[in-house]
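To keep things clear, I will list the structure first and then write my remarks on it.
The values are calculated or read from the model by the stated rules, or taken from the named source; none is laboratory data. Remember, predicted model here, so these are calculated numbers, not experimental data. Positions of Cβ are backbone-derived with ideal geometry, glycine not excepted, and every protein chain shown enters the neighbour counts.
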Amino acid sequence: NLSLAELDPEVAEAMAGELGRQRDTLEMIASENFVPRAVLQAQGSVLTNKYAEGYPGRRYYGGCEHVDIVEDLARNRAKELFGAEFANVQPHAGAQANAAVLMALINPGDKIMGLDLAHGGHLTHGMKLNFSGKLYEVESYGVSKEDHRIDMDEVRKQAIAAKPQVLIAGWSAYPRHQDFAAFRSIADEVGALLWVDMAHFAGLVAAGVHPSPVPYADVVSSTVHKTLGGPRSGIILAKKEWAKKLNSAVFPGQQGGPLMHAIAAKAVAFKIAATPEFKERQERTLLGASLLAERLTASDVTDKGVSVLTGGTDVHLVLVDLRNSELDGQQAEDLLHEVGITVNRNAVPFDPRPPMVTSGLRIGTGALATRGFGEAEFTEVADIIGTALATGQATDALKERVVKLAQSKPLYEGLEDWGLLG
Ligand code: PLP
């Protein structure tokens, strides 16, 4: 019964280092968040010991009476939170959820049509090295060259010509609402099923501050760990008629035993996501992104060839366009890293620079909103980023402002006493 620190000091030390990094820097990777103590506890629990292949009440293993309760809580809370008829909470991650969705909806060789990876789509929407690009025929739509938005008339024309079996909405890097009603009508027109991958904006949907795809889509998949703020994992929601096919695509189609500790953590996250505090946090997330977009369209920034794709944002992220800037994506990412702000470089549509360098940054506000950032803190961090990008300098003054902000909103206070570090 040695503690982690006693048994494995090397791992314990790296974990403590990561906690320090999360505390001392400003996390602005749009796909990340900070889970609360209760979620950490569920994940670090004895539920990791239990095999529970199958579904509640119909397992292939004995002793599932307690984990059945957990999975039922998670399924029912997910359905209620999103107003869905069906939920599967077993996918280990977003990519597994998406593999199961396609496995349930269509056959290998059928055609899918989603947003191009280079224009903000996800790997699992048809990238050629991903299972989705290998198993299915792929047609991708993009954003328009003029305003970098998805033009639904173009999507319609392309769908009529390509006749996909599945039309995909959802994205990893797109700063605007998508028109789910228009996607539904195009899907109906061409006889396609509509799958929406709401991984990025699921927390906003849960809080009612972003349109919900659930009424429109045949199937909706999501991760739980981005704006939704839960454990690293996936879920699938759908109309009732897809229940059997989706369940069998997840298990035994894609996975073996579900991660019951992660499912417990999902149940906790869905409970939290139904609270007024969660809604207020998502409102701060949106406020932070719009303050950032505003700062990054000020003249000191735009004079240096830096701009914001689509001129602003409707969601939790801003896409910085560096195509006309001397800084490339890699240099800008490194510059902000030096200041103490973590973001990721990201290809912009029609990017002239190679994918490992890119001409863009994706900057998200979900994690800092969870940390307690409001208007004052987001205004300050936006100014730090704007000043760094305008001057190209990671000055001591900027670094000090980051430290001050981080200290003003401490993260995981008391975690050392929770017994999680060993
Ligand atoms: N779908 C979208 C839209 C995403 O952005 C992501 C993650 O980046 C995923 C799916 C995959 O999630 P995971 O990394 O959990 O497999």
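Would you check if Q43 is under 24 Å from L420 (Cα atoms), within 16 Å of the ligand (Cβ to nearest atom) and not aromatic (F, W, Y)? Taking the combined requirement at face value, the residue satisfies it. Once the range 157-173 is narrowed to residues that are touching a residue at least 60 places away in the same chain (Cβ under 8 Å) and within 15 Å of the ligand (Cβ to nearest atom), the residue that is nearest to G109 (Cα to Cα) is V166.
Among the residues here, L309 does not qualify as aliphatic (A, V, I, L, M) and within 16 Å of I29 (Cα to Cα). State yes or no: is A187 closer than 17 Å to L105 by Cα and more than 14 Å from the ligand (Cβ to nearest atom)? Criteria met by A187.
Per-residue answers, yes or no, for (1) surrounded by fewer than 20 Cβ atoms within 10 Å (Cβ to Cβ); (2) at pLDDT below 95; (3) farther than 27 Å from R371 by Cα:
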position: Q43; (1), (2), (3): no, no, no
position: D68; (1), (2), (3): yes, no, yes
position: A74; (1), (2), (3): no, no, no
position: A84; (1), (2), (3): no, no, yes
position: H92; (1), (2), (3): yes, no, no
position: D110; (1), (2), (3): yes, no, yes
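All conditions but one from (1) β-branched (V, I, T); (2) surrounded by 18 or more Cβ atoms within 10 Å (Cβ to Cβ); (3) within 16 Å of the ligand (Cβ to nearest atom) apply to I29; the one that does not is (2).
Can you find a residue that is of a type in the set (D, E) and under 17 Å from F34 (Cβ atoms) anywhere in the range 217-232? It would help to see each step written out before you state the result.
Step one: list which residues in the range 217-232 are of a type in the set (D, E), which gives 218.
Applying the additional criterion that residues be under 17 Å from F34 (Cβ atoms) yields none.
Checking the range 217-232: not a single residue is of a type in the set (D, E) and under 17 Å from F34 (Cβ atoms).
Test E283 against the stated conditions and say whether it is farther than 22 Å from V67 by Cβ, under 20 Å from the mean Cα position of the chain (by Cα), part of a helix (DSSP H, G or I) and more than 16 Å from the ligand (Cβ to nearest atom). It is true that E283 is farther than 22 Å from V67 by Cβ, under 20 Å from the mean Cα position of the chain (by Cα), part of a helix (DSSP H, G or I) and more than 16 Å from the ligand (Cβ to nearest atom). Within the range 62-78, the set of residues being part of a helix (DSSP H, G or I) and out of contact with any Phe, Trp or Tyr (no Cβ under 7 Å at 6 or more places or on another chain) comprises E65, H66, V67, D68, I69, V70, E71, D72, L73, R75, N76.
Working only within the range 157-188, note down all residues that are surrounded by fewer than 16 Cβ atoms within 10 Å (Cβ to Cβ) and assigned to a loop (DSSP other than H, G, I, E, B).
Matches in the range 157-188: K163, H177.
Mind checking which residues of the range 254-280 are out of contact with any Pro (no Cβ under 7 Å at 6 or more places or on another chain), farther than 25 Å from E375 by Cβ and part of a helix (DSSP H, G or I)? If the condition is that a residue be out of contact with any Pro (no Cβ under 7 Å at 6 or more places or on another chain), farther than 25 Å from E375 by Cβ and part of a helix (DSSP H, G or I), then Q254, M260, H261, I263, A264, A267, V268, F270, K271 are the ones that fit.
Going by the conditions given, is V219 within 16 Å of the ligand (Cβ to nearest atom), β-branched (V, I, T), within 15 Å of the chain's Cα centre (by Cα) and surrounded by 22 or more Cβ atoms within 10 Å (Cβ to Cβ)? Answer is no for this residue. The set of residues in the range 205-263 that are in contact with an Asp or Glu (Cβ under 7 Å, 6 or more places away or on another chain), under 21 Å from G54 (Cβ atoms) and hydrophobic (A, V, I, L, M, F, W, C) comprises A238, W242, F251, I263.
Within the bounds of the range 242-263, is there any residue that is aromatic (F, W, Y), farther than 25 Å from L47 by Cα, in contact with a helix residue (DSSP H, G or I) (Cβ under 8 Å, 6 or more places away or on another chain) and surrounded by 24 or more Cβ atoms within 10 Å (Cβ to Cβ)? Looking through the range 242-263, none of the residues is aromatic (F, W, Y), farther than 25 Å from L47 by Cα, in contact with a helix residue (DSSP H, G or I) (Cβ under 8 Å, 6 or more places away or on another chain) and surrounded by 24 or more Cβ atoms within 10 Å (Cβ to Cβ). In the condition set (1) in a helix (DSSP H, G or I); (2) in contact with a Ser or Thr (Cβ under 8 Å, 6 or more places away or on another chain), I235 is compliant with all but (1).
The single condition from (1) outside any helix (DSSP H, G or I); (2) more than 11 Å from the ligand (Cβ to nearest atom) that G121 fails is (2).
Taking the criterion of being among the hydrophobic types (A, V, I, L, M, F, W, C), touching a helix residue (DSSP H, G or I) at 6+ places or on another chain (Cβ under 7 Å) and crowded, with 24+ Cβ neighbours inside 10 Å, the residues of the range 364-380 that qualify are L368, A369, F373. Report, by residue number, each residue of the range 193-209 that is within 16 Å of the ligand (Cβ to nearest atom) and more than 14 Å from the chain's Cα centre (by Cα). Once the filter is applied, which keeps residues that are within 16 Å of the ligand (Cβ to nearest atom) and more than 14 Å from the chain's Cα centre (by Cα), the range 193-209 yields L194, W195.
With respect to the conditions (1) surrounded by fewer than 21 Cβ atoms within 10 Å (Cβ to Cβ); (2) within 23 Å of S222 (Cβ to Cβ); (3) free of Cβ contacts under 8 Å to residues at least 60 places away in the same chain, E154 lacks only one, and its number is (2).
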